[in-house]
Amino acid sequence: MSAVVNEHERVIKAPAEVVGALLDRLSADDDPLFPTPAWAAMAFDRPLGVGATGGHGPVRYSVTEYEPGRRVRFAFTPPDNGFHEMTVEPMGEGRCRVRHVLETELLGRNRLLWPAVVRPLHDTVIEEVFDNVERAAAGGCARPVRWSPRVRLYNRLMWSRPETVGIPEAAQLIRTAVDRPGYEDAYRMELLPGQLRDPEAWTGILRDAFPVIAREGDELLLEVEVRGLTARASILVDERYVTLSSTVRTDTLRGRIYWAVVKQAHPFMARLMLRRTHRKLALATPAAGERDLERRRSAVSGPSHLVSG
């Protein structure tokens, strides 16, 4: 076996009670600390507290110790072992120390995965958590962590992929856009915390190549201009998903020949463009700490001009 002890700490220019209140909101819908949507959110089967089970992405753990405003410890779910915990320590008036510790015994393939993959990702995520502590508690982060080329590559490779679904009932524009279509498909991805919900922001899925010809509520209808075809695409953004739908009718012999070839690549290209735009908008979203700070400022002074992308 191989023991790992990984420690991170940072002095924050804010009172411990302020930072502790942020710690207590880990995994909540308005979590100000975990670096979403760039990384999978921390989520549990119940509010933060002893017994809560969940994790973030493929990393699974449960809360075993919790001192509100001061400390929370998570035990890794078997076959993993060990724990990670985050603490807030007062350092006198107006300052505190935030510390994260991970301890585990590496077994099997984890001996190779830890140095090559897991440690660089873990170190980046924890430093981003500390960045968000600074943003939310102290009003800004002077030196935010930078992603290494390796971390950027891993983030791209690990990004979730679209799932194939039927055209949603709410996508009424595309359902009536083409009479007697010979082909239909739809792909969707789950919206992440902080991602834009305005369908106009998602037109880059199709590289802005097709004009928007109608909008109804949260759905945009786009015209796909190809000779010999009648084709439309739809972007629907609801409370949980963004869905890209397509419908096609071939009108001429030339159109049928063209579509017979293009149809082979269409599903791959549709999923690729949806996934690429999903990640691009996620990485352009303001950090969780910035969003929390802006929410609190807006509550005092009115609407914000903060935008993402």
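The values are calculated or read from the model by the stated rules, or taken from the named source; none is laboratory data. Treat the numbers as computed from the prediction; the structure is a model and nothing was measured. Note that each Cβ is placed from the backbone with ideal geometry, even for glycine, and that neighbours are counted across all protein chains shown.
Remarks
Results for (1) in a loop (DSSP other than H, G, I, E, B); (2) within 30 Å of G289 (Cβ to Cβ); (3) not assigned by TED's automatic domain parsing to the domain that holds Y258, shown as yes or no for each residue.
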site: V125; (1), (2), (3): no, yes, yes
site: R150; (1), (2), (3): no, yes, yes
site: G204; (1), (2), (3): no, yes, no
site: I213; (1), (2), (3): no, no, no
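- Beta carbons closer than 7 Å, at least 6 apart along the sequence or on distinct chains, pair a first residue in the stretch 124-145 that is under 14 Å from A38 (Cα atoms) with a second that is β-branched (V, I, T) and part of a helix (DSSP H, G or I) for T124/V151; V145/T124.
- Considering the stretch 256-309, the residues that are surrounded by fewer than 20 Cβ atoms within 10 Å (Cβ to Cβ), closer than 30 Å to T164 by Cα and small (G, A, S) include one that is modelled with the lowest pLDDT, namely G309.
- Filter result for I213 (over 22 Å from A38 (Cα atoms) and of a type in the set (A, V, I, L, M)): yes
- Test: residue in the stretch 218-225 that is exposed (fewer than 12 other Cβ atoms within 10 Å of the Cβ), in a helix (DSSP H, G or I) and out of contact with any Pro (no Cβ under 7 Å at 6 or more places or on another chain): no
- Residues that are under 13 Å from V237 (Cα atoms) and of a type in the set (S, T, N, Q), drawn from the stretch 166-197: Q172, Q195
- Candidates in the stretch 85-118 are the residues that are in contact with a helix residue (DSSP H, G or I) (Cβ under 6 Å, 6 or more places away or on another chain) and of a type outside the set (A, V, I, L, M); of these, the one that is surrounded by the most Cβ atoms within 10 Å (Cβ to Cβ) is C96.
- Members of the stretch 130-148 that are outside any helix (DSSP H, G or I) and either within 19 Å of the chain's Cα centre (by Cα) or modelled with pLDDT of 95 or more (or both): P144, V145, R146, W147, S148
- Filter result for A233 (in a loop (DSSP other than H, G, I, E, B), closer than 28 Å to G255 by Cα and assigned by TED's automatic domain parsing to the domain that holds T250): no
- Taking the stretch 238-284 as the range and being part of a strand (DSSP E or B), among the aliphatic types (A, V, I, L, M) and over 17 Å from the mean Cα position of the chain (by Cα) as the test, the residues that pass are L244, V248.
- Comparison of I167, I174 shows that the only residue that is in contact with a Lys or Arg (Cβ under 9 Å, 6 or more places away or on another chain), in contact (Cβ under 8 Å) with a residue 12 or more places away in the chain and in a loop (DSSP other than H, G, I, E, B) is I167.
- Residue within the stretch 53-66 that is farther than 25 Å from L191 by Cα, out of contact with any strand residue (DSSP E or B) (no Cβ under 8 Å at 6 or more places or on another chain) and of a type outside the set (A, V, I, L, M) present: no
One line per residue, one yes/no per condition, for (1) surrounded by 19 or more Cβ atoms within 10 Å (Cβ to Cβ); (2) closer than 24 Å to R240 by Cα:
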residue	(1), (2)
I126	yes, no
E134	yes, no
P149	no, no
L153	no, no
V165	no, yes
A170	no, yes
A186	yes, yes
L191	yes, yes
